[in-house]
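Okay, structure first, notes after.
The values are calculated or read from the model by the stated rules, or taken from the named source; none is laboratory data. Values in this document were obtained by computation on a predicted structure and should not be read as measured data. In this analysis, Cβ positions are derived from the backbone assuming ideal geometry, glycine residues included, and neighbour counts consider all displayed protein chains.
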């Protein structure tokens with residue numbers, strides 16, 4: 001992931017602040033949802049670290065969305 005810009009096919013600079021192959025839609029959806037909902041981790045679901053180049057939960061993290069008050 002980089003933050004530099006490079007000319008796109010139209011000759012205009014384009015942002016490179018997204019992972020390769022992604023347009024950033026998931027970040028936009030998550031940012032919009034967190035304005036309305038509070039994300040809470042499901043307490044019964046175990047978070048097991050998975051060893052990679054970076055650490056992340058092995059099976060993801062289960063959460064629920066609660067309307068904000």
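For the reader, a short list of remarks on this structure follows.
- Within region 15-37, residues that are farther than 20 Å from residue 66 by Cβ sit with their Cβ atoms under 9 Å from residues that are at pLDDT 60 or above and assigned to a loop (DSSP other than H, G, I, E, B), at 6+ positions apart or across chains, in these pairs: 15/24; 17/24; 18/24.
- Selection of region 19-69 for residues being in a helix (DSSP H, G or I), at pLDDT 85 or above and surrounded by 11 or more Cβ atoms within 10 Å (Cβ to Cβ) yields 33, 34.
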